[in-house]
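Here the structure is laid out as structure tokens; the discussion comes afterwards.
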Amino acid sequence: LGKTLFFDPRISGSGQIACASCHDPDLAWGDGRTVSFGHSRKELKRNAPTLLNTGQQAFHFWDGRVVSLEQQVVDVMLNIDEMRSVPELIEQRLGSLAGYRKLFSDAFGDEQVTLPRIAQAIASFERQLLSRANKFDAFVKGNAKALSDAALRGLHLFRTEARCVNCHMGPNFSDGLFHNLGLSRYGRPDADLGRYGVTREPTAVGAFKTPTLRNIARSGPYMHNGLFELDEILRLYNSG
């Protein structure tokens with residue numbers, strides 16, 4: 001049920017935007033754009049992050065404004081600039097379809113279509129979006145030959161002088177916290193103050209959630225505003 005809903009544009013107000021419009025499995029569950037498009041092709045403020053391993057995260061959205069995947073789903077569906085839907089419209093639209101009534105009955109025990117059930121189903125699907133094991137995982141498990149010499153040199157830099165591991169740590173290569181990298185465009189008309197909009201704490205100005213590095217080569221462009229390619233990010237950090 002969640003997978004069907006995820007790919008169905010009928011959950012949006014216009015009937016033209018699905019979750020998969022911004023989180024495409026062929027694009028590492030992002031959209032490959034600098035920033036995403038919303039209702040009526042409105043250009044949004046932020047880049048669509050990958051959904052891989054999203055069920056392992058404590059906070060959702062770049063500013064971490066919700067702590068459950070279910071609430072994240074609802075917020076996007078009802079956001080006037082994104083899916084621009086309303087509960088009554090979605091419930092009536094899907095409830096009129098025999099195929100959906102059966103799917104809801106199979107999942108929940110009766111045919112009732114409600115927004116909380118829709119959110120629960122989509123969130124359940126998203127929790128199944130897990131990255132596959134790779135050469136690094138094999139190396140950690142004891143295969144000393146899994147990584148090339150160049151990769152081993154990169155891993156050494158990653159863990160030491162480059163200090164990448166300070167924020168990109170653990171199985172998901174993210175500390176799950178929020179950091180200010182100086183990309184908020186503070187004081188300008190197009191400023192995005194990130195976590196500050198949630199907490200209103202001065203120390204949160206310009207802070208955004210550390211993204212996962214899983215499948216990083218496929219999930220560009222990067223940063224909350226999608227302004228960088230991978231080599232540009234390395235140069236940015238290297239310059240201090």
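If all Cα-Cα distances of the chain are sorted into 10 Å bins from 0 onward, what percent lands in each bin, rounded to whole numbers?
Calculated P(r), rounded to whole percents: 7, 28, 33, 20, 9, 2.
Using only the Cα atoms of region 145-240, what semi-axes does the equivalent ellipsoid have when each is the square root of 5 times a gyration tensor eigenvalue? Give whole Å, largest first.
That gives 28, 14, 12 Å for the three semi-axes.
At a Cα cut-off below 17 Å, give the aspartates and glutamates reachable from K145, other chains included and same-chain residues fewer than 8 away excluded.
K145 reaches D137.
When the dipole is taken about the Cα centre of region 62-143, and only Lys, Arg (+1) and Asp, Glu (-1) are charged at their Cβ, what size is it in debye, to the nearest 20?
Using Cβ point charges on Lys, Arg, Asp and Glu, region 62-143 gives about 440 debye.
Give me the percent of accessible area attributable to carbon and sulfur for the chain, probe 1.4 angstrom.
Roughly 53 percent of what the probe reaches on the chain is carbon or sulfur.
Taking only DSSP H segments of four or more residues, each worth -39500 (n - 2.57), what value at 222 nm results for the chain once the sum is divided by all its residues, to the nearest 500 deg cm²/dmol?
Only helices count here, giving -9000 deg cm²/dmol.
Would you work out the charge dipole size for region 1-105 about its Cα centre, treating the Cβ of every Lys and Arg as +1 and the Cβ of every Asp and Glu as -1, and quote it to the nearest 20 debye?
Rounded to the nearest 20 debye, it is 180 debye.
So how far, in whole Å, is the C-alpha centre of region 186-240 from the one of region 76-106?
Region 186-240 and region 76-106 have Cα centres separated by 33 Å.
Of K102/K209; K45/K141; K3/K209, which sit over 30 Å apart, Cα to Cα?
K102/K209; K45/K141
For a quick check, take a GNM of the chain with Cα springs below 10 Å and name the residue from F37, F136, F208 with the largest mean-square fluctuation.
It is F136.
Name the residue farthest towards the positive end of the dipole of the chain from the options F104, G197, P9, assuming +1 on Cβ of Lys and Arg, -1 on Cβ of Asp and Glu, about the Cα centre.
In the chain, that residue is G197.
For the chain, give the magnitude of the charge dipole about the Cα centre (Cβ charges: +1 Lys/Arg, -1 Asp/Glu; no others), in debye to the nearest 20.
In debye, rounded to 20, the chain gives about 440.
Give me the accessible area per residue for the chain, probe 1.4 Å, as a whole number in Å².
Here the residues of the chain average 57 Å² of exposed surface.
The values are calculated or read from the model by the stated rules, or taken from the named source; none is laboratory data. All figures in this text were calculated on a predicted structure; none of them were measured in a lab. Backbone-built Cβ (ideal geometry, glycine too); neighbour counts: all protein chains shown. In case anyone asks, the SASA skips ligands and DNA or RNA and just uses the protein heavy atoms, side chains included. Shrake-Rupley method; radii C 1.70, N 1.55, O 1.52, S 1.80 Å.
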